[in-house]
Amino acid sequence: MISPSAATDSAIERRRLHVEGIVQGVGFRPFVFNLAQQLGIGGWVLNNSNGVEIEVEGDARALDDFTRALQADAPALASIVHVAGERITPLGEHTFRIEHSQSETEKHAWIAPDASICDDCLRELFDPDNRRFHYPFINCTNCGPRFTIIKDVPYDRPQTTMAAFTMCDKCQREYDDPHDRRFHAQPNACARCGPVAMLRFEQRVELDQDALEIAARLLDNGNILAVKGLGGYHLACDATNEHAVAQLRARKHRYDKPFALMVGDVATARTLCEVSDAEEKLLSSRRRPIVLLRARAPLGVAESVAPQQKYLGVMLPYTPLHYLLMDRFSALSTSSRAGANAPTPQSGEARDMHSALVMTSGNLSDEPIAYTDDDARARLGAIADQFLTHDRAIHMRADDSVARVVTPSPVSRGRDGVGVMMIRRSRGYAPEPLRAPHDFAQPVLAVGAHLKNTFCLGKGHYAFVSHHIGDLENYETLQSFGEGIAHFKRLFDIEPRVIAHDLHPEYLSTKWAQEQVSSIKYQVSSGNGLSPIPCPLSLFPVQHHHAHIASVMGEHGLTQPVIGIAFDGTGYGTDGTIWGGEFLVADYAGFERVVHLDTIPLLGGEQAIHEVWRLAAAWLDQVYGDEWLNLDIEFVRRLDRAKWRVLKQMATQHINAPHSSAMGRLFDAVAALIGVRGEANYEAQAAIELEMCADESCMDFYPFRLDDAVLHMDDTMRAIVADLQNDIARSIIAARFHNTIADAIARACVGIRAARGLNQVVLGGGVFQNVLLLRRTLSALDAAQFEVFVPTRLPPNDGGLSFGQALIANSVLSACPVRRG
């Protein structure tokens, strides 16, 4: 960037500036135009496939002021990472203009995430004197759809799904007026020329206001609606109606797993949950994720919204259609509870304290969210009673993001005490890139894991981690995975030369990677020069838990070896066993497994993940031998002895009984042992409910052993059994177990520090979504004077894994450059 000190007088200069970052679709060109006019500068600005190009001419001091303001005063949705400049020959220009966008051979432009409706548009939405009053698709340069409607860059209307709508005269004048808030707002529209909301109701179609009014009444009457949002369809019902919620569970085949809620405002959220200032800020942010909030008692929604949970997942409306639907539904809910003759509150007035809608992903369990109208009708027709939809197409699906605020106590060293943990990173966050700690020597594609899949494309300084894809359990999700990769490759002009994948040979992401190996030709070094010869796409396997640690290291820009603690439920180890309770010494280039949890057999393989009582039985058998069958505890009394005999034989003969060191499986085992849950209907259900039942005031812990680089839990299990025999409340047992694991982490790290001289600790893996464990661990590590790093921009679970895979592949391969032909 040109330094302000470069101008020593008021001579007329001309400068060419190239701006990189999120600068398209965020009102950046009108901002530049107005800034240039204020400073009396001539020249032009345009979008191209590499970002924004600007030429400015005028007084040198004015150009310095322009360059400073370019970054300091940029629009709210813009994210400038670099401004490059050079002096060029003046042309005598005195006026400033916006030029037509240009397409370049190579693309480097970034795409903005979708943004929730801004305050200005929200005011207009409920202003009877505004021409967009109650228009469900109101937007401007500061808000609205971006990533989900764009087909290619540069970001202009013909490159989006809004190309199907021709602006009316009034909208076109706004679009062409540099002083208007909707200047070059690509999704700009109104009721005369833009998308239309519609309700497919009893074999007829209702439009706009009638559609929303009828939809609200259907919800108030206990119906289930499919509602088209920004990145796909939701399934919605009245969250206070137990019958409606139960019906949705049955039809969606989603048993026990919590549903997300939508409420109209923060005040309503506070009636249902405790909301801190940090949580309010996150709830109300332009990203509008689902935020996990501690529920108030008594519960203000149906019990089956979030069975056995202390938290509710709550989000605010983020599109004008959502606001209008919530406004009408809340009015009906208030009137029906107050009585038929009660006056209906006007828009913006206080609503009934418990007006909330279940707003869950529009899919069957394990399938990707439906986003095309035909697919939604085909897959959701048996679930939804009616469809509230519209005719603006979605080009790329994006599920809702999920996050929570974590406030460790005491604070881990070097942190401010308040952090955001991503559980699912998608709408509102993707495809915003992350800066890599080292430049990518060659373009890399990392395909992530099997569950909670994301992929990552790396090029130059940056890594582009995808939106949430989901569990690669079926053809539909695998197809979504492939479509997403193709879209990202096109948008960011990245043709990978290396594909990083998980070490597990049976993951569908691994199999997909293997199918790509012969699809592209490259130039490689040959003799003294470059010659074009066919060469398969390179594959790079990455160990699962190494990737977890590298992901968090990359987030924080760490470049030296760390103590990495990777706790999860499943990960393929280098020895062919299942890992998941790992203490590593790691950097990007490699790792050493220095401590791990003791192993147990998974009796019946994957079935043990669902029937978690098998895990408890395996632990008891390992600790007590056959004598465990004589223990006077409820778990043994309720045991099906015939089933156990079969499982014992499997273990003895090593048939379908792979050994696992996974910490997630230990949590499952303890949950089953103390009677929290013996069978899980969704991933980690038993472990989650173990956390939910723990008494957070209890600070006691159990004994354990650390020797021969193994964390032994025999003594812990014996102590838990003793507590059961003494009728100690399971809330206390659950708390003591959490405290024990945190203490074991700290003691293991102290030993590793003594041996290796490392003081930075990185926590990764899905087990650290357990906030009670995380807080206890941070407290124990802080007391031991460690510097601790946790994931904040990516999930600790497998949703962040692809970033780590990409960084590891780049580190190892950077010494072996491959040149593209």
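For residue 540, nonlocal amide neighbours, meaning residues 5 or more places apart or on other chains whose placed amide H falls under 5 Å from its own, are 499, 500, 501.
Only the Cβ atoms of Lys and Arg (+1) and of Asp and Glu (-1) were treated as charged; on that basis the dipole of the chain about its Cα centre amounts to roughly 480 debye. Spin-label pair residue 88-residue 495: with each label point 7 Å from Cα along the Cα-Cβ axis, the two points sit 2.8 nm from one another.
Annotation: amide H-H contacts under 5 Å for residue 789 (H modelled 1.01 Å from N, sequence separation of 5 or more, or interchain): 761, 762, 763.
Could you tell me the center-to-center distance, by alpha carbons, between segment 580-610 and segment 132-193 in angstrom? If we compute the Cα centre of each part, the gap is 51 Å.
Taking label points 7 Å from Cα along the Cα-to-Cβ direction, residue 277 and residue 100 give a separation of 5.2 nm. Normalised by 2.2 N^0.38 Å, where N counts its residues, the alpha-carbon radius of gyration of the chain equals 1.00.
From the helices alone, meaning DSSP H stretches of at least four residues, give me the mean residue ellipticity at 222 nm for the chain, per-run term -39500 (n - 2.57), in deg cm²/dmol to the nearest 500.
Values: 23 runs with 263 residues, N = 821.
Helices in the chain give a 222 nm mean residue ellipticity of -10000 deg cm²/dmol.
Sorting 12-25, 748-761, 544-557 by average packing, meaning the other beta carbons within 10 Å per residue, from highest down gives 544-557, 12-25, 748-761.
Taking the convex hull of the alpha carbon positions in segment 74-184 and averaging its projected area over all directions gives 9.5 nm². Across segment 431-443, coupling constants 3J(HN,Hα) worked out from phi with the 6.51/-1.76/1.60 Karplus curve, θ = phi - 60°, read x, 4, x, 10, 6, 7, x, 9, 4, 6, 5, 8, x Hz, and Gly and Pro carry x. Along its first, second and third principal axes, ordered by size, segment 209-250 spans 27, 23, 13 Å in Cα coordinates. Taking the Kirkwood radius as Rh and the Cα radius of gyration as Rg, segment 18-94 has a ratio of Rg/Rh equal to 0.93.
Note on segment 203-290: semi-axes of the ellipsoid equivalent to its C-alpha gyration tensor, largest first and rounded to whole Å, are 25, 18, 13. The share of C-alpha pairs in segment 354-504 whose separation exceeds 18 Å stands at 66 percent.
Distance from the Cα centroid of segment 716-745 to that of segment 28-49 is 65 Å (rounded to whole angstrom).
Which listed residue (178, 226, 134) has the Cα farthest towards the positive end of the charge dipole for segment 103-240, taking +1 on Lys and Arg C-beta and -1 on Asp and Glu C-beta about the Cα centre? Of the listed residues, the answer is 226. Measuring against 25 Å, Cα to Cα, the residue pairs 228/252; 170/228; 151/281; 489/511 contain 170/228; 151/281 as the ones spanning a longer distance. Each residue of segment 296-313 was assigned a 3J(HN,Hα) from its phi angle through the Karplus curve 6.51 cos²θ - 1.76 cosθ + 1.60 (θ = phi - 60°); the sequence is 7, 10, x, 4, x, 10, 4, 4, 7, 5, 8, x, 6, 10, 9, 10, 10, x Hz, with glycine and proline shown as x. Surface composition of segment 70-174: carbon plus sulfur atoms hold 46% of the accessible area, using a 1.4 angstrom probe and ignoring ligands, DNA and RNA. Every Cα-Cα pair of segment 714-755 was included, and the share exceeding 17 Å stands at 39 percent. Taking only protein heavy atoms and a 1.4 Å probe, the accessible area of segment 534-579 is 57% carbon and sulfur. For residue 198, nonlocal amide neighbours, meaning residues 5 or more places apart or on other chains whose placed amide H falls under 5 Å from its own, are 208, 389, 390.
Let me know the whole percent of all Cα-Cα pairs from segment 713-821 that are separated by more than 15 Å. Write out the running numbers ahead of the final one.
Details: 4282 of 5886 pairs.
Counting pairs separated by more than 15 Å, the tail of P(r) holds 73 percent.
Leaving out ligands and nucleic acids, note down the accessible area per residue over the chain with a 1.4 angstrom probe, in whole Å².
Solvent-accessible surface per residue comes out at 37 Å².
Taking θ as phi - 60° and the Karplus parameters 6.51, -1.76 and 1.60, the scalar couplings of segment 576-590 work out to x, 8, 8, 9, x, x, 10, 10, 10, 9, 9, 9, 6, 7, x Hz in sequence order, x denoting glycine and proline.
Scaled to the globular estimate 2.2 N^0.38 Å, the Cα spread of segment 534-658, given as radius of gyration, is 1.38.
A protection proxy built from the mean count of other Cβ atoms within 10 Å ranks the segments 27-40, 369-382, 703-716, 140-153, most packed first, as 140-153, 27-40, 369-382, 703-716. Over all projection directions, the Cα-based convex hull of segment 650-691 averages an area of 3.5 nm².
By accessible area, using a 1.4 Å probe on protein heavy atoms only, segment 653-719 has 50% of its surface on carbon and sulfur.
Measuring spread by the Cα atoms of segment 645-717 yields a radius of gyration and Dmax of 14.7, 44 Å.
Calculated FRET efficiency, residue 592 and residue 169, Cβ-Cβ r, R0 56 Å, to nearest 0.05?
0.25
The values are calculated or read from the model by the stated rules, or taken from the named source; none is laboratory data. Just so we're clear, the structure is a prediction, and the values are computed from it rather than from any experiment. Cβ atoms come from the backbone with ideal geometry, glycine included; neighbour counts cover every protein chain shown. What goes into the accessible areas is simple: the full protein's heavy atoms, side chains included, and nothing from ligands, DNA or RNA. Shrake-Rupley method; radii C 1.70, N 1.55, O 1.52, S 1.80 Å.
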